[in-house]
Amino acid sequence: MADFPKIDLILSPTPLHRLPRLSDQLGLDLWIKRDDLTGFAFGGNKGRKLEYLIGEAVAQRAEVVVTCGSAQSNFVRQLAAACSIAGIRFAAAVMPLPYEFEEASGGLAAEGGNLLLDQILGADIRLLPNDTWESLYDSAAKLADEYRKSGKNVYEIPIGGSTPQGAYAFYQAGKELQSQADPFDMIVVASSSGSTQTGLTAAYKGTATVVQGIACDPEPDMPDEFVALAAKLDELTDLNLNLKRDDFVFNLDYVGPGYGVPSEGGMAAIRTLAQTEGVFLDPIYSGKAFHGLLDLAANGKLPKRVCFWHTGGTPALFAMPTQ
Ligand SMILES: *Cc1c(COP(=O)(O)O)cnc(C)c1O
């Protein structure tokens, strides 16, 4: 098995519980895996990846960690908190809406929410005007150079933390769920930069459980990147997954107006789960994934026993346009 450096950040196993009222309404046996309750910096799926990413940064004696993302990035918030624990300075280049910059509208506020938490954490956040992903990556590279020129040992982390170690963390998360309950027919999860879906798909390879990713980016070719990530995981571990394009079940129907922009269906799904079960979702990822779950269920396209994997993101609720 892999022997990556790791530090403890999250409280695991995260809770798993049934959603009895929605199960009745939808005619399913519906459960929820609460990775919104990872117990670290307002929770969310990035805590699992960060145990390895920060472990590696510490092992490399990093003095500054640099990354980039959207202004309301959940990854940036959790990474900032992880750096606090590790005693590492943290800097990030962010843009309000890097993907949809050309027709940017309806996105989250560039204040409050995760940005407020980043400020409390003392992060060096460079809030840039909207531009392309490439220019965001360039800005992160320049920020890293700026710290290097001041003599610091800089550790750069790609957007979303989608490294093989991140996927490995979710391989283990899948094993965690397997130890908590009888097998599910399907797991429904929000999918973006890929290590969550790649790791879970790896954990369920060869089982009867389908891992159904619901896309939050309008990027039909993402599964090719998942295949590449899985191949890297194979290089670094003895898992021998050999995952192919067909191993990834990926649905692009619920992205809505674009990455980082709340969708009508996602907002309705947030209200549905809150008003039946008292559980909050987020507008950019888990709300859209839950919209997918509700819509597929309404169209008779889900099997009986389903687990929704809640990836967190709830601080973004406080940066949403008011309805
Ligand atoms: C980052 C994130 C995701 C997507 O995870 P990936 O591993 O990047 O695909 C889903 N939900 C929330 C709340 C996130 O912050």
Worksheet item: Which one is farthest from the ligand (Cβ to nearest atom), of the residues in the range 168-191 that are part of a helix (DSSP H, G or I) and of a type outside the set (Gly, Ala, Ser)?
Response: Gln178
Item to complete: Kindly indicate whether Gly256 is part of a loop (DSSP other than H, G, I, E, B), without any contact (Cβ under 8 Å) to a residue 40 or more places away in the chain and crowded, with 16+ Cβ neighbours inside 10 Å.
Response: yes
Item to complete: Report, by residue number, each residue of the range 288-316 that is under 20 Å from the mean Cα position of the chain (by Cα) and either within 17 Å of Lys46 (Cβ to Cβ) or among the charged types (D, E, K, R) (or both).
Response: Lys288, Ala289, Trp309, His310, Thr311, Gly312, Gly313, Thr314, Pro315, Ala316
Item to complete: Kindly indicate which of Gly160, Gly113, Gly194 is closer than 19 Å to Leu236 by Cα, within 16 Å of the ligand (Cβ to nearest atom) and under 17 Å from the mean Cα position of the chain (by Cα).
Response: Gly194
Worksheet item: Of the residues that sit in the range 13-31 and are touching a Lys or Arg at 6+ places or on another chain (Cβ under 8 Å) and touching a residue at least 24 places away in the same chain (Cβ under 8 Å), which one is nearest to Gly43 (Cα to Cα)?
Response: Thr14
Worksheet, complete the sentence: Looking across the range 199-224 at residues that are under 25 Å from Ser263 (Cα atoms) and in a helix (DSSP H, G or I), the single one that is nearest to the ligand (Cβ to nearest atom) is Met222
Worksheet item: Do we find that Ala169 is touching a Gly at 6+ places or on another chain (Cβ under 8 Å) and either closer than 23 Å to Lys304 by Cα or surrounded by fewer than 24 Cβ atoms within 10 Å (Cβ to Cβ) (or both) in this structure?
Response: no
Practice prompt. Determine, yes or no, whether Phe42 is surrounded by fewer than 24 Cβ atoms within 10 Å (Cβ to Cβ), touching a residue at least 60 places away in the same chain (Cβ under 8 Å) and within 16 Å of the ligand (Cβ to nearest atom).
Written response: yes
Discussion item. Please go through the range 138-157 and give me each residue that is within 16 Å of Cys83 (Cβ to Cβ) and either assigned to a loop (DSSP other than H, G, I, E, B) or acidic (Asp, Glu) (or both), ordered by number.
Written reply: Lys152, Asn153, Glu156, Ile157
Fill in: Residue check, Leu241 surrounded by 22 or more Cβ atoms within 10 Å (Cβ to Cβ) and away from the ligand (no atom under 11 Å from the Cβ)
no
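Table: residues versus (1) in a loop (DSSP other than H, G, I, E, B); (2) among the polar types (S, T, N, Q); (3) within 24 Å of Phe226 (Cβ to Cβ); (4) more than 13 Å from the ligand (Cβ to nearest atom).
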residue	(1), (2), (3), (4)
Met267	no, no, no, yes
Gln275	no, yes, no, yes
Phe280	yes, no, no, no
His291	no, no, yes, yes
Leu296	no, no, yes, yes
Gly300	yes, no, no, yes
Cys307	no, no, yes, yes
Phe318	no, no, no, yes
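Bear in mind that the values in this text are calculations on the coordinates, not laboratory data. The structure displayed is predicted, hence computed values, not measured ones. Heads up, the Cβs are rebuilt from the backbone with ideal geometry, glycines too, and the neighbour counts pull from every protein chain shown.
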